[in-house]
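**Q** Mind looking over this structure? Questions follow.
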Amino acid sequence: MQKIESDYFEQFKKSTEYEAFKKSPVAYFCAEYALESGFPSYAGGLGILSGDYIRVAGKQRFPLLAVGIRYQRGQSLPSKEDKKSNITLTKVVDKDGKDILILIPIEHRDVHVKAWHWQEGDAEVYLLDTDIEENNIGDRGITKNLYDMDRDIRLKQEIILGIGGFRLLAALGYHASVYHLNEGHSAFLALELIRHEMEHQKVNFKEACEYAKQHILFTNHTLALAGQEKFAPEKVAQFIEMCAKDVCLDGSVISDLGLPASDVNMFSMTTFSFRLSSKANTVSKIHYDNAQLVWPGQAMDNVTNGIFIDRWDKIGNSTENILSAHLENKRKLLSLVKERTGQSWGENDLVFVWARRLVEYKQPLFLFSDIEKLVEIFKNSPVPIRMIFAGPNVPNDNHFQDILEGIFTEKLPGSAVFIDEYNIDLSQIFTSGADVWLNTPMIGTEACGTSGMKAALNGALSLSTSDGWINEVNHEDVGWVTHDSSSNADMLRLIQDEVIPAYAEHLENPNSSLWSERMIRARRLILEQFPTTRMLREYIEKLYLPILAQKHNHRVE
């Protein structure tokens with residue numbers, strides 16, 4: 001499959017469409033990018049995905065420019081903040097070597113924005129920054145915290161990302177053929193695009209909206225209402241008033257574009273994104289099915305997410321050596337557990353790992369609602385069972401951590417641990433060293449769940465509810481799946497009756513066990529069906545090329 005994808009890109013580079021993208025690249029906007037483990041530019045799966053995506057675009061030399069924000073701090077609590085990072089950023093300057101400054105009207109003043117450039121091979125990202133001397137102290141703090149808890153600051157961040165990102169690319173001489181909104185945080189860029197259309201096409205606001213839409217693609221990741229970005233309409237109208245005047249409108253007219261039919265009292269960035277884009281997509285097939293129920297009548301395509309193999313593969317080229325390579329990775333995981341918790345576990349212990357953000361819909365407490373049954377399973381297992389739970393130490397999420405640590409101390413001492421951090425480096429250790437990868441979201445709420453892909457790539461078997469990408473494959477190829485996410489009874493049954501016996505049998509004859517066969521199948525499945533090369537190809541074929549070819553598609557001068 002990887003060779004097929006490589007051949008595709010080699011042929012694509014000879015096409016007239018590729019030349020068109022070189023002249024007018026894809027502009028990819030996201031609120032977070034996982035660029036380097038200790039750099040506070042990502043919070044979780046969205047940032048990991050965008051970091052993978054820009055890398056595959058760079059590797060394949062597909063013309064794509066990424067835009068984000070340079071934050072000073074991530075979401076972690078103070079004890080886990082300010083990790084040292086060796087990341088290299090360069091100031092974005094003009095031809096005379098002077099910093100490029102972008103002015104963004106917010107409320108009744110201009111906020112000054114400068115930009116930084118990150119590059120790794122042919123992958124590159126522009127990061128916007130308000131922490132400069134030209135701004136007052138309040139505006140300097142706009143880009144301080146990733147996903148700031150202050151709603152006014154969060155709204156300002158989204159204005160900076162969307163409008164500021166558009167203006168930065170224009171100042172650099174880039175005129176995108178496609179503006180790809182990876183989630184709705186950057187959707188205000190549509191206002192700037194509309195303004196340009198009004199000026200250069202000599203049309204009114206309504207007509208300019210239709211022109212602007214032809215350039216915009218919106219990728220939705222969030223079905224849960226609680227996870228969708230919403231603001232008070234009056235705040236949106238107030239903050240974008242000066243931008244609205246540029247198109248001869250009142251701010252309330254624009255804020256009305258984000259009012260969903262279900263709640264006209266809140267401005268939804270998701271609704272705004274759908275209304276001002278001509279193409280939209282989901283990120284797994286089950287996500288698509290559920291999105292049709294949440295937004296009936298909304299036209300959408302689907303591109304299931306993938307992972308950047310070069311970044312996550314800790315097995316290497318030889319699948320035949322998967323057992324020895326996985327054991328070496330497992331030793332690194334066990335060493336980490338001993339270092340962080342003091343627990344010494346054996347190489348033949350059956351190690352389960354649950355690692356992601358501790359949020360309600362991911363159900364971090366799912367396995368423990370019948371704790372006595374779980375304790376009984378641990379006690380009666382012929383092999384020692386170990387569980388690792390991990391997640392970033394984030395305000396408002398860490399109450400789950402307190403509950404889990406209490407359960408582990410009281411009910412599973414020495415057998416279950418919590419590691420209160422989760423970054424790229426740790427993720428690589430967890431996904432490559434686990435025997436079983438736990439995934440417990442409420443079915444219909446998880447967009448894709450790419451951490452399970454990374455684990456399967458490295459030979460871990462999945463124990464999951466039937467959500468996200470796992471619902472697209474033969475379950476026997478990757479592990480075990482339950483179709484009940486409201487009760488843990490079936491998952492506990494799977495652990496007791498299938499997972500433990502299979503692992504015990506594997507220990508007796510590892511080279512010809514069903515377990516080792518599944519490890520090989522799981523790895524091959526990821527290599528063949530879920531690399532980001534396949535994902536990028538589908539975005540090009542399903543979405544970028546149709547946008548390029550649309551009747552009203554044209555270059556913004």
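**Q** What's the total number of residues in region 253-279 that are part of a strand (DSSP E or B) and either of a type in the set (S, T, N, Q) or out of contact with any helix residue (DSSP H, G or I) (no Cβ under 8 Å at 6 or more places or on another chain) (or both)? First the steps, then the outcome.
**A** Narrowing region 253-279 to residues part of a strand (DSSP E or B): 267-268, 279.
So of that shortlist, the ones also either of a type in the set (S, T, N, Q) or out of contact with any helix residue (DSSP H, G or I) (no Cβ under 8 Å at 6 or more places or on another chain) (or both) come out as 268.
Residues flagged as part of a strand (DSSP E or B) and either of a type in the set (S, T, N, Q) or out of contact with any helix residue (DSSP H, G or I) (no Cβ under 8 Å at 6 or more places or on another chain) (or both) within region 253-279 amount to 1.
**Q** Go through (1) closer than 28 Å to R521 by Cβ; (2) touching a strand residue (DSSP E or B) at 6+ places or on another chain (Cβ under 8 Å) for G346 and report which single condition fails.
**A** (2)
**Q** Can you pull out the residues in region 463-487 that are open to solvent by less than 10 Å² (accessible area, probe 1.4 Å), in contact with a Leu (Cβ under 8 Å, 6 or more places away or on another chain) and at negative phi?
**A** L463, S464, V478, T482
**Q** Could you check region 209-224 and list, in sequence order, the residues that are under 17 Å from S268 (Cβ atoms) and part of a loop (DSSP other than H, G, I, E, B)? Please lay out each step first, then the result.
**A** Keep residues of region 209-224 that are under 17 Å from S268 (Cβ atoms), which gives 216, 218-224.
Once the filter is applied, which keeps residues that are under 17 Å from S268 (Cβ atoms) and part of a loop (DSSP other than H, G, I, E, B), region 209-224 yields N220, H221, T222, L223, A224.
**Q** Just wondering, is there one or more residues in region 131-149 that are within 20 Å of A237 (Cα to Cα), open to solvent by less than 10 Å² (accessible area, probe 1.4 Å) and of a type outside the set (D, E)?
**A** Yes, there is a match, as at least one residue in region 131-149 is within 20 Å of A237 (Cα to Cα), open to solvent by less than 10 Å² (accessible area, probe 1.4 Å) and of a type outside the set (D, E).
**Q** Going by the structure shown, is E158 more than 19 Å from the chain's Cα centre (by Cα) and either charged (D, E, K, R) or open to solvent by 30 Å² or more (accessible area, probe 1.4 Å) (or both)?
**A** No: the conditions fail for E158.
**Q** Further question on the same structure: Mind checking which residues of region 102-120 are open to solvent by 60 Å² or more (accessible area, probe 1.4 Å) and either more than 29 Å from P233 (Cα to Cα) or in contact with a Ser or Thr (Cβ under 8 Å, 6 or more places away or on another chain) (or both)?
**A** Q119, E120
**Q** Another one. Do any residues in region 55-70 that are more than 23 Å from L189 (Cα to Cα) have Cβ atoms under 6 Å from those of residues that are part of a strand (DSSP E or B), where the two are at least six apart or on different chains, and which pairs are they?
**A** Between residues of region 55-70 that are more than 23 Å from L189 (Cα to Cα) and residues that are part of a strand (DSSP E or B), the close pairs are R55/A123; G58/A123.
**Q** Return the residues of region 315-353 that are assigned to a helix (DSSP H, G or I) and polar (S, T, N, Q); say none if nothing qualifies.
**A** At the first step, the residues of region 315-353 found to be assigned to a helix (DSSP H, G or I) are 319-341.
Matches in region 315-353: T319, N321, S324, N329, S335, T341.
Each row is one residue, and each column tells you yes or no for (1) over 25 Å from L35 (Cβ atoms); (2) assigned to a strand (DSSP E or B).
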| site | (1), (2) |
| --- | --- |
| D96 | yes, no |
| L103 | yes, yes |
| V111 | no, yes |
| W116 | no, yes |
| V125 | no, yes |
| I132 | no, no |
| N135 | no, no |
| D139 | no, no |
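**Q** Might you let me know whether region 289-309 holds any residue that is in contact with a helix residue (DSSP H, G or I) (Cβ under 8 Å, 6 or more places away or on another chain), part of a helix (DSSP H, G or I), within 17 Å of A456 (Cα to Cα) and open to solvent by less than 40 Å² (accessible area, probe 1.4 Å)? Spell out the reasoning first.
**A** Initial filter on region 289-309 (in contact with a helix residue (DSSP H, G or I) (Cβ under 8 Å, 6 or more places away or on another chain)): 295, 298, 300-309.
Subsequent filtering for residues that are part of a helix (DSSP H, G or I) retains 309.
Those left that are additionally within 17 Å of A456 (Cα to Cα): 309.
With the extra rule that they be open to solvent by less than 40 Å² (accessible area, probe 1.4 Å), the set shrinks to 309.
Checking region 289-309: at least one residue is in contact with a helix residue (DSSP H, G or I) (Cβ under 8 Å, 6 or more places away or on another chain), part of a helix (DSSP H, G or I), within 17 Å of A456 (Cα to Cα) and open to solvent by less than 40 Å² (accessible area, probe 1.4 Å).
**Q** Residues in region 253-265: is at least one open to solvent by 10 Å² or more (accessible area, probe 1.4 Å), over 24 Å from Q292 (Cα atoms) and modelled with pLDDT of 85 or more?
**A** There is at least one residue in region 253-265 that is open to solvent by 10 Å² or more (accessible area, probe 1.4 Å), over 24 Å from Q292 (Cα atoms) and modelled with pLDDT of 85 or more.
The values are calculated or read from the model by the stated rules, or taken from the named source; none is laboratory data. Given the structure is predicted, the values throughout are model-derived calculations rather than measurements. For neighbour counting, all protein chains shown are included, and Cβ atoms are generated from backbone atoms with ideal geometry for every residue, glycine included. Accessible surface areas use protein heavy atoms only, side chains included; no ligands, DNA or RNA. Shrake-Rupley method; radii C 1.70, N 1.55, O 1.52, S 1.80 Å.
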